[in-house]
Amino acid sequence: MSARGTGAVFRGDRAADRGGGGAVRPPVGAHVVDTRTERIGVVTGHEGPYVQLRPYGGGREWDADPGAVRHATPAERLRAATAYANARSRGDVP
């Protein structure tokens, strides 16, 4: 199964399992993928109905729908870390 099919599941908790609707909010500090943009980010907080994400290695935050985020796989986290290290070595980021 591809990583795209994993859905918005956090710590084995599904909204349907709790008897409620809606998405589960990922904890602050979690590495997630915004499935609408396919960007990997770190959860920095929750504002209103949105999850606030910041790119791995820093950058401008963006808001994502909690229903459109899922945990990043170890491979996705490694890809983001490698991309950041390469950009830093080129001088593209501080």
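The values are calculated or read from the model by the stated rules, or taken from the named source; none is laboratory data. What you see is a predicted model; the values in this text were computed from it and never measured. Quick reminder, even Gly has a Cβ in these numbers, built from the backbone with ideal geometry, and neighbours come from all protein chains shown.
Data overview
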{"item": "Residue satisfying condition, being charged (D, E, K, R) and at positive phi, within set Glu38, Glu47, Glu76, Glu61", "result": "Glu38"}
{"item": "Cβ pairs under 6 Å, 6+ apart, first in the range 59-76 and in a strand (DSSP E or B), second polar (S, T, N, Q) and surrounded by fewer than 17 Cβ atoms within 10 Å (Cβ to Cβ)", "result": "Arg70/Thr6"}
{"item": "Residue check for Val42: at pLDDT 95 or above, closer than 18 Å to Gly29 by Cβ, among the β-branched types (Val, Ile, Thr) and out of contact with any Phe, Trp or Tyr (no Cβ under 7 Å at 6 or more places or on another chain)", "result": "no"}
{"item": "Some residue of the range 53-62 being modelled with pLDDT of 95 or more, touching a helix residue (DSSP H, G or I) at 6+ places or on another chain (Cβ under 9 Å) and small (Gly, Ala, Ser)", "result": "no"}
{"item": "Candidate set from the range 60-71 (those that are within 13 Å of Thr37 (Cβ to Cβ) and not charged (D, E, K, R)); member that is surrounded by the most Cβ atoms within 10 Å (Cβ to Cβ)", "result": "Val69"}
{"item": "Tally of residues being out of contact with any His (no Cβ under 9 Å at 6 or more places or on another chain), within 21 Å of Ala87 (Cα to Cα) and in a loop (DSSP other than H, G, I, E, B) across the range 49-58", "result": "2"}
{"item": "Out of Arg25, Arg77, sole residue that is surrounded by 15 or more Cβ atoms within 10 Å (Cβ to Cβ), of a type in the set (D, E, K, R) and modelled with pLDDT under 95", "result": "Arg25"}
{"item": "Subset tally (residues that are surrounded by fewer than 16 Cβ atoms within 10 Å (Cβ to Cβ) and touching a residue at least 24 places away in the same chain (Cβ under 8 Å)) for the range 84-94", "result": "3"}
